[in-house]
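In what follows, a single structure is set out as structure tokens and then discussed.
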Amino acid sequence: MNAPVRPAPTLPDPRPRLVEADGAWLLAGLRCTDCGYRMGLARPRCPVCAGPTEPARFGPEGAVWASAVQRIALPGLDAPTVFAYLDLDDGPRCLVRCDASADPERPPAPGDRLRLTGTSASGDLLAGVAA
Amino acid sequence: MSARVYGVGTSAFGRQPETSAAELGWQAVIEAVTDAALEPGGGPDAVYVGSVLGAPGVAQRTLHSLGIVGVPVIAVENACASGTTAYHEAVAAVELGRYRTVLALGVEQLSTLYGAGAILPEPSDPEGRAGLTQPAHYALTASRYLAQGRVRPEELAAVAVKSSRYAVHNPRAQHRREIDLDRVLGSRMIADPLTVLQCCSISDGAAAAVIGPDRGVDRDVPVLASVLTSGALWDYRDEEVPAFGSIRATSQEAYRRARVGIDDVDVVELHDAFTIGEIVGMEALGLAPRGGAGALTAAGETGPGGSRPVNPSGGLLARGHPLGATGLAQIAEIVWQLRGEAGGRQVDGARIGLVETMGGGVSGIDANACVITLLGSR
């Protein structure tokens with residue numbers, strides 16, 4: 001009888017985390033206590049000044065740096081998918097997937113305002129048009 | 001600098017699923033070593049090998065079949081700049097007297113990993129885990145450039161048209177057919193505004209160079225400078241598009257070390273994995289003013305007979321982009337150009353050439369690595 005095959009562990013998720021607070025979705029990140037640098041991902045120390053960091057929450061809104069409509073499907077990701085780099089107000093830059101409210105034929109332009117709207121079932125950051 | 005390129009060699013480029021990475025490497029190495037006309041027992045004394053997505057051991061698996069054994073073999077990976085990183089390290093080794101005659105090899109076999117479509121994003125990277133492919137990553141830059149009025153869609157397409165006009169004269173190129181603007185703009189959209197003919201294809205290939213100190217042979221091509229950098233943090237503080245800063249800073253240092261300026265450069269091979277990459281690269285190198293690369297391209301100045309020839313090999317778009325091999329394929333093209341051996345794509349009177357390769361794929365920085373080298377005679 002063959003020994004049972006253990007499934008391989010899942011790769012740690014490298015994406016930023018969102019938390020819900022007071023009805024808004026916020027990015028749970030870090031801020032350097034020396035230089036104020038804002039980070040959306042875990043870091044052992046500030047990569048700019050090597051200073052210590054403290055937990056910080058950013059969002060829920062920000063301005064689009066650029067967007068792109070990906071029209072090829074991947075395993076687990078349909079096409080078209082609208083991605084955007086979102087500079088959260090007083091926060092880090094993060095990659096978001098525009099939610100169902102986005103029109104792939106009229107994707108957000110640089111400077112447009114978006115609002116974090118949660119996390120997809122697969123763990124992607126979602127954002128939609130800010131009111 | 002005292003380093004010289006003694007010889008170069010490449011395989012053909014394109015989908016070659018029946019040919020192993022080692023076999024591709026043999027073709028490149030044999031041609032380069034023959035071209036170098038080494039004395040019996042004259043090396044190579046060490047080998048640097050760049051490869052990105054293949055199996056571990058591809059370096060030794062290639063080399064021992066050629067009888068290159070017992071010497072130091074150093075494998076490097078810097079994404080699309082792996083081949084030029086291998087070259088850069090070979091040059092440095094010669095300059096420092098670490099080794100006398102050094103072989104640099106780049107090799108990649110992608111068609112048996114990816115049948116069709118884009119290379120799957122890296123799941124350990126935040127952007128990769130979200131499913132952002134390289135075409136979409138470049139499309140972010142392209143859409144911002146379009147919004148800023150720095151380029152027009154037809155100017156992006158003109159890059160692919162131009163490269164195809166060179167590639168018909170390159171017997172080793174993956175795509176040897178001339179295409180026009182309508183065909184480029186009308187091809188399948190991959191990530192707006194980049195259509196499939198504005199994206200490099202899955203490709204297999206190998207390229208190699210033999211480098212050593214000045215041995216008094218006229219055919220050897222002098223290395224004027226070689227600079228390798230890794231990217232800076234790219235975040236909310238940065239209004240600039242990715243890669244521009246790295247290419248600009250690396251090129252400024254290369255010009256300083258070579259004691260030349262961009263106006264002294266006669267021919268350029270730069271990293272055009274996607275059409276927007278050539279536009280941004282041209283401006284970062286100083287070939288065109290900011291927002292001017294598109295017009296220069298559309299006017300034909302970067303194409304055959306133009307004043308600023310860019311990617312006469314056909315570039316990554318038309319020659320092909322087997323990741324680890326690309327940088328050394330660019331080196332080979334520049335060497336052929338400087339020797340007057342480039343046939344129908346020859347840039348007349350080329351004396352100084354520049355190679356720029358930019359490797360990406362790690363989010364949070366504007367490039368994994370950038371290598372810029374200048375070759376020729378001042």
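The values are calculated or read from the model by the stated rules, or taken from the named source; none is laboratory data. Being a predicted model, the structure only gives us computed values, none of them experimental. Backbone-built Cβ (ideal geometry, glycine too); neighbour counts: all protein chains shown. When the accessible area is computed, the model is the full protein with side chains, heavy atoms only, and any ligands, DNA or RNA have been set aside. Shrake-Rupley method; radii C 1.70, N 1.55, O 1.52, S 1.80 Å.
Determine whether the range B:111-129 contains at least one residue that is among the acidic types (Asp, Glu), open to solvent by less than 40 Å² (accessible area, probe 1.4 Å) and within 14 Å of chain A (Cβ to nearest Cβ). Yes, the conditions are met somewhere in the range B:111-129. Here is the figure for the range B:135-162: residues that are within 11 Å of another protein chain (Cβ to nearest Cβ) and either among the hydrophobic types (A, V, I, L, M, F, W, C) or closer than 17 Å to residue A:76 by Cα (or both) total 6. Here residue A:111 meets the list (1) of a type outside the set (Ser, Thr, Tyr); (2) surrounded by fewer than 17 Cβ atoms within 10 Å (Cβ to Cβ); (3) over 16 Å from residue B:140 (Cα atoms) almost entirely, failing just condition (3).
Just to be sure, is residue B:141 under 21 Å from the mean Cα position of the chain (by Cα) and either at pLDDT below 95 or part of a helix (DSSP H, G or I) (or both)? Yes: the conditions hold for residue B:141. The single condition among (1) part of a loop (DSSP other than H, G, I, E, B); (2) within 15 Å of residue B:132 (Cβ to Cβ); (3) more than 8 Å from chain B (Cβ to nearest Cβ); (4) among the small types (Gly, Ala, Ser) that residue A:123 does not meet is (3). Only residues that are at the interface with chain B (Cβ under 7 Å from one of its Cβ atoms) and either outside any strand (DSSP E or B) or of a type in the set (A, V, I, L, M, F, W, C) (or both) were counted across the range A:69-81, and they come to 5. Within the option set A:84, A:66, A:50, being in a loop (DSSP other than H, G, I, E, B) and either within 12 Å of another protein chain (Cβ to nearest Cβ) or over 18 Å from the mean Cα position of the chain (by Cα) (or both) holds for one residue only, A:50.
Residues in the range B:288-326 that are under 23 Å from residue B:341 (Cβ atoms), among the basic types (Lys, Arg) and either in contact with an Asp or Glu (Cβ under 6 Å, 6 or more places away or on another chain) or assigned to a helix (DSSP H, G or I) (or both): B:308 only. Among the residues of the range A:1-40, those that are assigned to a loop (DSSP other than H, G, I, E, B) and under 17 Å from residue A:90 (Cα atoms) comprise A:16, A:33, A:34, A:35, A:36, A:37, A:40. Within the range B:361-373, is even one residue part of a loop (DSSP other than H, G, I, E, B), free of Cβ contacts under 8 Å to residues at least 60 places away in the same chain and surrounded by fewer than 22 Cβ atoms within 10 Å (Cβ to Cβ)? No, that holds for no residue. Being in contact with a Gly (Cβ under 8 Å, 6 or more places away or on another chain) and modelled with pLDDT under 95 holds for only one residue in A:62, A:76, and it is A:76. Condition first: part of a helix (DSSP H, G or I), on the phi < 0 side of the Ramachandran plot and at pLDDT 95 or above. Can you find one or more residues in the range B:212-225 that meet it? No, that holds for no residue.
Considered as a group, the residues in the range A:87-108 that are in a loop (DSSP other than H, G, I, E, B) and open to solvent by 40 Å² or more (accessible area, probe 1.4 Å) include one that is farthest from the other protein chains (Cβ to nearest Cβ), and that residue is A:101. If you go through the range B:222-253 and pick out every residue that is among the acidic types (Asp, Glu), within 14 Å of chain A (Cβ to nearest Cβ) and out of contact with any Gly (no Cβ under 8 Å at 6 or more places or on another chain), you end up with 2.
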